[in-house]
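A.B. asks: Here's a structure for you.
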Amino acid sequence: MDHENAFKQWKRQCFSKVDFSKKGNIDDEIYPVVCLINDSSNYFTTSSCSGRIILIDGLSECSRVQKQNCSWLFVTHQKCKVADVVLGLQKASGNAVFKFEPFVLHVQCKDIESAKLLHSVAVNSGFRNSGMSIGKRGKIIMAVRSTHCLEVPLSHKGEILVNENYIHFLVQTANQKMAENVTRIKRFYDGLQAVLQADGSSSMATCKDKTTKIVQNQHQRKTQDSVIEDSQIPANKFSDSEDYLETSLILFS
């Protein structure tokens, strides 16, 4: 099978996969971005998260792979309130960590040139930690990401380490980062829309129907035992895991 037909097959397979994330569907804030990318003949998304503010209990005692064993005290994909964080922290019995995680998007690209184009848009939009990995079977995955993060421990063995004034400061800081995150997403969407329309590989007329189908598939969730951390691992990574055994990271300058 030639690479172009293989790419089309991978795209069809990805759209039929079940989303094992906690949320189970595409975040509203990046729905237009995902729609735009999946409508292009040169790309399709494999995982995404619009950005989130979370409070997790027991994070330091859990490995990344077994993160579902930790307690999620609070999570939002929008700005948060001090009262919500305080309420969540009162439920902590271990080591609670307050985090802001920015927008992340994994996109499989048809070829290197498509990946370079996407990378250029991402970097110019503020996602300067973006890069590309190539699997042994030729899968090209572009990761759109940044280092615009925040991670602060708030309790140890159930004992709260900070006062409410400091929590107020953290929430204010996280909300500022979330606002900047939204600005970057909008900038990324505008830039991507411009280059795809110029390239002629995307047609917004069919975009809505295609992405609706993806969302419907992602709502078909399996049991809670299968849940993993949302949007950190591509949905098709499990069925083709051997393709990811040897990858190389390329950061375009």
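The values are calculated or read from the model by the stated rules, or taken from the named source; none is laboratory data. All values derive from a computational prediction rather than experimental measurement. Because the Cβ atoms are built from the backbone with ideal geometry, glycine has one as well, and the counts that use them run over all protein chains shown.
A.B. asks: Looking at this structure, is Val121 touching a Leu at 6+ places or on another chain (Cβ under 8 Å) and part of a helix (DSSP H, G or I)?
C.D. replies: When the stated conditions are applied, Val121 passes them.
A.B. asks: Would you tally the residues in region 131-186 being in a helix (DSSP H, G or I) and in contact with a helix residue (DSSP H, G or I) (Cβ under 8 Å, 6 or more places away or on another chain)?
C.D. replies: Going through region 131-186 one residue at a time, the tally reaches 7.
A.B. asks: A follow-up question, please. So, in region 143-172, how many residues would count as being within 21 Å of the chain's Cα centre (by Cα), closer than 23 Å to Leu89 by Cβ and not aliphatic (A, V, I, L, M)?
C.D. replies: Total meeting the criteria: 2.
A.B. asks: Search region 79-127 for residues being within 16 Å of the chain's Cα centre (by Cα) and among the charged types (D, E, K, R), and hand back the single one that is nearest to Val162 (Cα to Cα).
C.D. replies: Lys99
Residues are listed down the side, and each one gets a yes or a no for (1) among the basic types (Lys, Arg); (2) part of a loop (DSSP other than H, G, I, E, B); (3) closer than 20 Å to Phe100 by Cβ; (4) at pLDDT 85 or above:
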residue: Lys17; (1), (2), (3), (4): yes, yes, no, no
residue: Asn25; (1), (2), (3), (4): no, yes, no, no
residue: Ile30; (1), (2), (3), (4): no, no, yes, yes
residue: Ser48; (1), (2), (3), (4): no, no, yes, yes
residue: Ile53; (1), (2), (3), (4): no, no, yes, yes
residue: Ser63; (1), (2), (3), (4): no, yes, no, no
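A.B. asks: Would you check which residues across region 32-46 are outside any loop (DSSP other than H, G, I, E, B) and touching a strand residue (DSSP E or B) at 6+ places or on another chain (Cβ under 8 Å) and list them?
C.D. replies: Scanning region 32-46 gives Val33, Val34, Ile37, Asn38, Tyr43, Phe44, Thr45, Thr46.
A.B. asks: Also: Write out, first by first residue and then by second, each pair whose Cβ atoms fall under 7 Å of each other, whose residues are 6+ apart or on separate chains, and whose first residue, in region 122-136, is over 12 Å from His106 (Cα atoms) while the second is among the aromatic types (Phe, Trp, Tyr).
C.D. replies: Ser125/Phe188; Phe127/Phe188; Gly135/Tyr244
A.B. asks: Moving on to the next point. Could you tell me which of the residues Val144, Val152 is hydrophobic (A, V, I, L, M, F, W, C), surrounded by 13 or more Cβ atoms within 10 Å (Cβ to Cβ), over 16 Å from Ile37 (Cα atoms) and without any contact (Cβ under 8 Å) to a residue 60 or more places away in the chain?
C.D. replies: Step by step, each of Val144, Val152 is checked, and only Val152 is hydrophobic (A, V, I, L, M, F, W, C), surrounded by 13 or more Cβ atoms within 10 Å (Cβ to Cβ), over 16 Å from Ile37 (Cα atoms) and without any contact (Cβ under 8 Å) to a residue 60 or more places away in the chain.
A.B. asks: Then there's this: Residues in region 146-190 that are more than 18 Å from Leu55 (Cβ to Cβ) and of a type outside the set (Gly, Ala, Ser): how many?
C.D. replies: Matching residues across region 146-190 total 12.
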